[in-house]
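Enquirer: Pasting in a structure now, in structure tokens, and then I'll have a few things to ask.
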Amino acid sequence: MARRHFQLSNGGLFLLLLSSGFVLLLLPRSVTHRVHFLFAETFEPLLRIGRRFPDNAAAPSPQEQVVSLEEHNTLWKNYHNLHARLMKLQDEYNTAARIRSSLPRFYSGLVIADVVGPAAGLSHEILINKGAADGVHSGCYVMSPEHNSIIGVVRETSDAMARVRLLTDANQSIPIRIRRDGAALDVAAMMIGDGKRGGVVPMVEREKDIRPGDAVYAAPRPGLLDTPVIIGNVAEVQPDEESPLLWKIFVQPIDIGSEPETAAVIVPDTPGTERQ
Amino acid sequence: MRWVLFAILVLLGAVLEAGNLLNAVALGQWHIRPSVLIVLLVFFAVHCRTHEAIITSFVIGLAMDISGSQIGPHTISYCLVGGLLNQLGEYFVLRRGASPAALIFPAYVIAAVIAYWLGALKTGERQDYAYRIFVLTGLYSAFIGSFFWRFLGRINQPASSQSLQTSPPQRGYLR
């Protein structure tokens, strides 16, 4: 039997693959984001390479590795003092934790995650290694455990991972409140990322007395955030060029650096579930 | 064409694009990182036969999309830019010793702008500083690509020598 060969011309191949590209583009994000997460989950160990660069990568010289006996004895005493202080702090922490457990919850629940992917390129996003299986879902607020401030919002999740859009992303908006210590100021507004390292709050009436240094909080949202949590502070207040009756406020979020190591996702507990 | 080697290179490039290693060389407040996959795209588009260049451009674009946050924009833009580079390949002064940076920079900027427009068309999301970031990333990629180019030429010797034997009529798919 004669075997038929189907030979595609170069032009045909080009058009076929280009059309495939358009089909992929038109696929809904709910379908395509699984591919991203599959890739990230498969190559997670490789993606993590370079996560931690030591501040001082240079190895100490032989002279720096050796100390005198007198210095050794001093360091040894300091070490024991520090250790004793650590034990005391640990006792205090345990006491505080017991007290906290008996009080109404401040946050509904916190899921601590490691940051896997970078916040690089056009979009300010990071990948974290906790997903829907841990109760994380899109819309959840994400905190920096080191700085105790909101740094982003979960955009989409897979079972084991989630993509977090940082507050500095130009497409991320978040309801906020601007407050000042010792004053009755409490202004509700929306903050939008500026695409660099800050945020902009437009559409605030000029009759509001807002000054640089005022604190900016993420506003409570039912089911997502029980209490206001700090985001940063007001860096600059300018009249809006387009609308002279409005302020344009520049917000400086808490500096988390370009590579946050860990993130804490605020996960609201649903009645009847118990998180570990 | 060594397809296994190509697949390994693309996978490595995608992992580098999505991973943290390139953060070690990121620059400035926009955290500009070089693009590894654009160097691969230009290299294979210039050095391969036409049908190979089309397939490699598609695959590299897809890898770029998978390592990013949307599927489709880079697949299309890399397909277009790779095809264009391959068509114009015989006119490039690259083989006469000119720097590949002169090719990588415009290729990156054109591909990134097309992908950005397609992405914005789909999601409606825009970035204020996108074009500045594209130019800076293109410059950085071109700089890094000049060094990477020789390495690619060495490990992919058959592909690069094959292209020199390819006669111009075999290369054009729109003719």
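The values are calculated or read from the model by the stated rules, or taken from the named source; none is laboratory data. Quick caveat, the model's predicted, so the values are computed rather than measured. Virtual Cβ from ideal backbone geometry, glycine too; neighbours counted across all protein chains shown. Ligands, DNA and RNA are stripped out before the accessible areas are found, and what is left, the full protein with its side chains, is counted by its heavy atoms. Shrake-Rupley method; radii C 1.70, N 1.55, O 1.52, S 1.80 Å.
Enquirer: Answer yes or no as to whether B:Ala53 is of a type in the set (Gly, Ala, Ser) and more than 26 Å from A:Leu8 (Cβ to Cβ).
Expert: no
Enquirer: When residues of region A:194-216 are filtered for being open to solvent by 50 Å² or more (accessible area, probe 1.4 Å) and within 14 Å of chain B (Cβ to nearest Cβ), how many remain?
Expert: Residues in region A:194-216 being open to solvent by 50 Å² or more (accessible area, probe 1.4 Å) and within 14 Å of chain B (Cβ to nearest Cβ): 2 in total.
Enquirer: Here's another thing I want to ask about it. If only one of B:Ser35, B:Ser77, B:Ser57, B:Ser67 is in contact with a helix residue (DSSP H, G or I) (Cβ under 6 Å, 6 or more places away or on another chain), modelled with pLDDT under 90 and of a type in the set (Ser, Thr, Tyr), which one is it?
Expert: Matching residue, one of B:Ser35, B:Ser77, B:Ser57, B:Ser67: B:Ser67.
Enquirer: Which residue is farthest from B:Pro73 (Cα to Cα), if the candidates are limited to region B:114-127 and must be more than 9 Å from every other protein chain (Cβ to nearest Cβ) and in contact with a helix residue (DSSP H, G or I) (Cβ under 6 Å, 6 or more places away or on another chain)?
Expert: B:Ile114
Enquirer: Moving to a separate point now. Quick check: is even one residue across region A:162-175 part of a strand (DSSP E or B), basic (Lys, Arg) and within 14 Å of chain B (Cβ to nearest Cβ)?
Expert: Looking for residues that are part of a strand (DSSP E or B), basic (Lys, Arg) and within 14 Å of chain B (Cβ to nearest Cβ), one finds at least one in region A:162-175, hence yes.
Enquirer: Please enumerate the residues belonging to region B:67-84 that are more than 10 Å from the chain's Cα centre (by Cα) and more than 9 Å from chain A (Cβ to nearest Cβ).
Expert: Once the filter is applied, which keeps residues that are more than 10 Å from the chain's Cα centre (by Cα) and more than 9 Å from chain A (Cβ to nearest Cβ), region B:67-84 yields only B:Leu84.
Residue by residue, here is whether (1) modelled with pLDDT of 80 or more; (2) small (Gly, Ala, Ser); (3) open to solvent by less than 10 Å² (accessible area, probe 1.4 Å) holds:
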site: A:Arg179; (1), (2), (3): yes, no, no
site: A:Ile192; (1), (2), (3): yes, no, no
site: A:Ala218; (1), (2), (3): yes, yes, yes
site: A:Gly223; (1), (2), (3): no, yes, no
site: A:Asp226; (1), (2), (3): no, no, no
site: A:Ala235; (1), (2), (3): yes, yes, no
site: A:Ser258; (1), (2), (3): no, yes, no
